[in-house]
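Written out below as structure tokens is the structure these notes cover.
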């Protein structure tokens, strides 16, 4: 009996880690993609994931779709929404004198609007259809591969495919190289004949599609609350900044390290300190963020290993102690 329990716990832990890594890497790539092209943080990015969750849940519960067959549909909806928001909001604002903070606040408002629509949809399910959404969870609609939840295999495989295709596109295709050039210097790229409109459309489509796809994956394992996207945004920002906001490779590394590091650290704390430490899991990405910003504000990909020395590490430690002392100073 005890052995069976341990096996169940281990399977659950493995799937949980695999999904967290997959979801966070996918979201960090999309978040970084938008930032590279538009130079502002899209605070509505994780709200696109909620739209993907709702699309998958609705198609499965009301039309009998296989959850995995809904993924392309959710990605398409998220991608189209991304392009629409660019055309309707981003492009007009950027066409006038503006600052990045204007777009940042605008997309924060959009995230709250999406959250309210999500709450309205949940209420509609309950009142009109007598369906208790239960966090839009579709765990029972998954199948097993030798007793192992299929989502724990398919989700990591999907993100691996996405990473390979996207990296290959950006490094070796003509349009990918044009996108990288536009991210570096848009005016120069336009002068060289790059189709700037296509570049922006494509970047917003990819960002929205990846986020919505992540939302579809989330529904296969986790239950989500109305404010789940806000909680997710903190982890995405931590992963993106940790890796470096100017690099897709950095987004992959940052998302991977944040997801894995959070799970490993909290597992160790729960095992040796107590299960109550599990409530502090949300603090770990923030700590990662603080440490990397103290060492290198531009993220891990900007660190030159040859320039790291013991004196530099000591200097970071001194600055950390000083900031903590100032933070808790009563003067």
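A full extension of the chain between residue 195 and residue 89 corresponds to an added length of 36.2 nm, given 0.36 nm per residue minus the alpha carbon distance.
Mean residue ellipticity at 222 nm, helices only, the chain: -24500 deg cm²/dmol; runs of at least 4 DSSP H residues each add -39,500 (n - 2.57), and the sum is divided by the number of residues. Of 200, 175, 45, the sequence from fewest to most neighbouring Cβ atoms within 10 angstrom is 175, 200, 45. Each label was represented as a point 7 Å from its Cα along the Cα-to-Cβ direction; for residue 129 and residue 109 these points are 3.1 nm apart. Of 161, 210, 81, the residue with the greatest mean-square motion in the GNM of the chain, using alpha carbon springs below 10 Å, is 161. Computed extension gain for residue 120 through residue 16, at 0.36 nm per residue and net of the alpha carbon distance, reaches 34.6 nm. With the simple model of a label 7 Å out from the Cα in the direction of the Cβ, residue 264 to residue 230 spans 3.2 nm.
Sorted ascending by nearby beta carbons within 10 Å, beginning with the fewest, 231, 32, 224 become 231, 224, 32. If the label point is 7 Å along Cα→Cβ of residue 293, which residues in the stretch 9-40 have backbone nitrogen under 12 Å from it? Under 12 Å, as judged by backbone N against the label point of residue 293, lies no residue of the stretch 9-40. When a/c reaches 1.5 or more, the comparison of a/b and b/c decides; with that in mind, is the stretch 133-174 rounded, prolate or oblate per its Cα gyration tensor? Note, shape of the stretch 133-174 comes out oblate. Distance from the alpha carbon centroid of the stretch 45-59 to that of the stretch 211-270 works out to 16 angstrom. A Gaussian network model of the chain, with springs between Cα atoms under 10 Å, assigns the largest mean-square fluctuation among 120, 36, 179 to 120. Here the Gaussian network model covers the chain, with springs between Cα atoms less than 10 Å apart; of 299, 254, 30, 299 fluctuates the most. Say R0 is 22 Å: what FRET efficiency, to the nearest 0.05, do residue 175 and residue 39 get from their beta-carbon distance? That gives a FRET efficiency of 0.60.
Sorted largest first, the principal axis extents computed over the alpha-carbon atoms of the stretch 138-253 equal 56, 31, 24 Å. log₁₀ I(q)/I(0) of the chain at q = 0.10, 0.13 Å⁻¹, via Debye over equal Cα point scatterers, no solvent, to two decimals? For the chain at q = 0.10, 0.13 Å⁻¹, log10 I(q)/I(0) is -0.65, -1.06. Please find the FRET efficiency linking residue 146 to residue 280, where r is the Cβ-Cβ separation and R0 is fixed at 41 Å, and quote it to the nearest 0.05. Using R0 = 41 Å, I get an efficiency of 0.70.
Every number here is computed from the coordinates shown, using simple stated rules; none is lab data. This is a predicted model, so every value here is computed, not measured. Counting neighbours? That spans all protein chains shown, and the Cβs are built from the backbone with ideal geometry, glycine included.
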